[in-house]
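Single-structure report; data block below.
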There are 2 protein chains.
Amino acid sequence: MKLSGTVLDLNSTDYSSTLDPSYTMLEFDNLRVFPIDTESVIPDPPSLLPQTNGTVCSICADRATGKHYGASSCDGCKGFFRRSVRKNHAYTCRFSRQCVVDKDKRNQCRYCRLRKCFRAGMRKEAVQNERDRISSRRGEGHGLGTLSISVLLQAEAGTHQFAALTSPMSCDINAKKIAGVGDVCDSMKQQLLLLVEWAKRIPEFCSLPVDDRVSLLRAHSAEHLILGVTRRSLPYNEIILLGNDFVIPVSGPEIEISRVAARILEELVKPLRELDITDSEFACIKTIVFFAPDCPGLEAPQTVRRLRFQAQVLLDQATCEQRGRFGELLLILSPLQSVAWQMVESLQLARILGEASVDSLLQEMLLGERVAGTLEQRTGFDQPRRLHKSFDQPILV
Amino acid sequence: MKLSGTVLDLNSTDYSSTLDPSYTMLEFDNLRVFPIDTESVIPDPPSLLPQTNGTVCSICADRATGKHYGASSCDGCKGFFRRSVRKNHAYTCRFSRQCVVDKDKRNQCRYCRLRKCFRAGMRKEAVQNERDRISSRRGEGHGLGTLSISVLLQAEAGTHQFAALTSPMSCDINAKKIAGVGDVCDSMKQQLLLLVEWAKRIPEFCSLPVDDRVSLLRAHSAEHLILGVTRRSLPYNEIILLGNDFVIPVSGPEIEISRVAARILEELVKPLRELDITDSEFACIKTIVFFAPDCPGLEAPQTVRRLRFQAQVLLDQATCEQRGRFGELLLILSPLQSVAWQMVESLQLARILGEASVDSLLQEMLLGERVAGTLEQRTGFDQPRRLHKSFDQPILV
DNA sequence: TGTAGTAGGTCAAAGGTCCT
DNA sequence: GAGGACCTTTGACCTACTAC
């Protein structure tokens, strides 16, 4: 820590641009409490202020001495990361894994500091063995698998963009309308189409036989709906937020719907919020759910199994060696499956009672009923098929 | 952290910025502002101190262990200064603030000792905030984790012994009889009672509130049945082996039953055989399934969640760092849950069709129907309850 | 051949631990 | 609870290797 580093350094840089915005926001919000009006506080000589992102440690906001292990950081965080990785340290947080990591407090919780190192982009592979050098610098594509975090994150981002065009979300949570049964069905339909869009952005999916593509899309679509609504609802306690900007309160007028909403909040939102799940982790989980090798009628189950294997190894990496975290995330899949089934049952009931008019897409994907060619039509999968009989090339954008 | 300040900093006139004005330091402050004795303004020159400079504590003349907080000092004075500053101690001198501070008498007046620390050049700014705990030394008993592999293996072994007494198994697989619906129900009942025996052998289970014990036993009993039959059937390809020595072939006379058997073989036995699952891993998985924190109506869900966490960390350890193995094992839980549900549905159907006479224990544990006191009666959980109203001690052997 | 960038290493002086 | 002998961690500063 150099002398010039003061609290005022915090003013100078837009941290959110250098860090994954999904996790530390809370901490940074806290930090920003003081410095919003910089001009009025002290007119610092420009020379003392870090000019670029590169001069600030993305872990603790101390002055950075360069890029280390993949993240711009100070010597302290650099040394801390190296020691932690070399000695294979397993720290535990004495609090609730939400400790603030800044220049002053960085030594107060090693668990949270190490987590922040990983999240800022430090990679343990970059720490070398004692007394030896890595020969090839640019060896970035580590691993056997073809799936990569970046592909998954891009697929996610692309789909979100796509969704933003379709249905813009309002800002004020209190202004949102409570969903009726019809709104829920609309949202589900919309989200299922987004799932197809998402899948199309994964090259490994596109290389599968067309029948397997359809099978996978149908197999766990309900879980994907629940997963999506869970992610969207992470900030809330009493409501879940649908993709079409409607909300479902836990104590709403539709008993059956609210029951599912309550389970989503209790069994999924709550634990995931406590874990403070990252975007990468979410992307991996979605992929793990998607590539379901037990899906009935699969032509290439071993390929799907291999893809799921890659995805779970990616998730393991994404959890940054935090003791128990990988397991806790995978264990979310059980309640996810359970809640998804309850949702499907509710939908079925609603249809029987005549409360909901179930679209043929919902019928095929969620209720598992064959409606001739629905999925193929909606997704454009059938077109190339007409062209050549044994089509198995990537089709889509 | 670079300590740019030198001993000479004490000469600076702005005492208020370096000294806490609230208590003892204020007096020292005053001493400097109105110097009664001029020596006290500047740190004692090393030459005036007894013996050689670096090896002697400038406060008490004990052997120094280095420079601490700006003054060459012994560990005692170092620790004393840190504690005093951290805790903001305000000492007072019982005499006339002229106490001798040497190795023998340094503990006789804390006021004079602290004053001498400051005068020797120690600066309170050099004392940092509290850090994270190290706990590398004594605390290997990792306080939280009570669950251990050996307890789980013993519970397993004990239950198997118990089972061997009840129903001995024949050796020749070809000699075994094909199970009818009644045999299946008998086997399930027997296995459920064994599940209770197993649970009783886990002290952490016995320490739970009695209602939670009952809830956990009911919650995932179907999965435990499937898990048991999976393990028993690991050597086979075309049949599953029940606990009462009957078998179910995948192509048997009972279509509904065989369908479940086929899924068990395909989705559970096959992948677990490929992984060559060990006893320890199996024991952990069983425990993970058992301690289900989302189980409805739990009094102590956090305790159950902690136990499951311990179990999954144990499983992680049991996989011996083999890349991807832990994830593959946890991902078995999805088909396990799915197959278990299908089994329950089949059972329900069989009961409705009058094919099976479902015992009240099965009814309560598998079908989730409340049959007054069945579980409590069968498992002996009610006896102590009758004895005292608010019973919550471990009951069983 | 130099220089920027980022690995690796060192050790004084912080920290914490735990028995007395 | 405080003292202090003893051990761990931190981080400022340094060297070394590689790519341009």
Q.
For B:Asp183, what accessible surface area do you get with a 1.4 Å probe? Give it in Å², rounded to 10.
A. 40 Å²
Q: Please list, in chain and number order, the residues 5+ apart from A:Ser72 or on another chain whose amide H is under 5 Å from its amide H, with Hs placed from the backbone.
A: A:Ser58
Q) Considering only the other residues whose Cβ falls under 14 Å of the Cβ of A:Phe290, what net charge follows from Lys and Arg at +1 and Asp and Glu at -1? A) +2
Q: Every other copy gets compared here: list the nm distances from the A:Gln161 label point (7 Å along Cα to Cβ) to its counterparts, shortest first, one decimal.
A: 6.6
**Q.** Under Karplus coefficients 6.51, -1.76 and 1.60, residue-wise ³J(HN,Hα) of the stretch A:220-233 in Hz, glycine/proline x
**A.** 10, 4, 5, 4, 5, 4, 5, 4, x, 5, 5, 4, 5, 9
Q) Averaged across the residues of A:328-336, what count of C-beta atoms belonging to other chains lies within 10 Å of each residue's C-beta? A) 5
Q.
Only sites in a loop by DSSP and with at most 16 other Cβ atoms within 10 Å count here; which GluC sites (Glu not before Pro) in the stretch B:164-254 make the cut?
A. B:Glu238
**Q.** Other copies of B:Ser135: label-to-label distances in nm, shortest first, labels 7 Å along the beta-carbon direction
**A.** 4.4
Q) Within the accessible area of the stretch A:149-367, what % is carbon and sulfur when the probe is 1.4 Å and the other protein chains stay in place? A) 55 percent
Q) What does the average come to when, for each residue of peptide B:309-317, you count the partner chain Cβ atoms lying within 10 Å of its Cβ? A) 3
(Q) Beyond a 29 Å Cα-Cα separation, which of these cross-linked pairs lie in this structure: A:Lys200/A:Lys270; A:Lys103/A:Lys176; A:Lys67/A:Lys105; A:Lys67/A:Lys286; A:Lys103/B:Lys116? (A) A:Lys200/A:Lys270; A:Lys103/A:Lys176; A:Lys67/A:Lys286; A:Lys103/B:Lys116
Q.
Please report the net charge: other residues with Cβ closer than 14 Å to the Cβ of A:Ala164, K and R +1, D and E -1.
A. -2
(Q) Ordered shortest first, which distances in nm separate the 7 Å Cα→C-beta label point of B:Ser251 from those of the other copies? (A) 5.9
Q | Accessible surface buried once B binds A (1.4 Å probe; total of both sides; Å²) | A | 3300 Å²
Q. Farthest toward the dipole's positive end in the stretch B:55-128, which of B:Cys74, B:Ala64, B:Tyr111, given Cβ charges of +1 (Lys, Arg) and -1 (Asp, Glu) about the Cα centre?
A. B:Tyr111
Q. Accessible surface of B:Trp341 in the full protein assembly, 1.4 angstrom probe, to the nearest 10 Å²?
A. 80 Å²
(Q) In Å², and per residue, what accessible area does the stretch A:149-367 have when probed at 1.4 Å with the other protein chains present? (A) 38 Å²
**Q.** 18 Å tail of the calculated P(r), the stretch A:179-252, as % of Cα pairs
**A.** 45 percent
Q: Would you rank A:Arg218, B:Arg323, A:Arg123 by solvent-accessible area, highest first, keeping every protein chain in place and using a 1.4 Å probe?
A: B:Arg323, A:Arg123, A:Arg218
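The values are calculated or read from the model by the stated rules, or taken from the named source; none is laboratory data. Predicted model, so just to flag it, every value in this text is computed and none were measured. For neighbour counting, all protein chains shown are included, and Cβ atoms are generated from backbone atoms with ideal geometry for every residue, glycine included. These area figures cover heavy atoms from the full protein model, side chains too; ligands, DNA and RNA do not enter into them. Shrake-Rupley method; radii C 1.70, N 1.55, O 1.52, S 1.80 Å.
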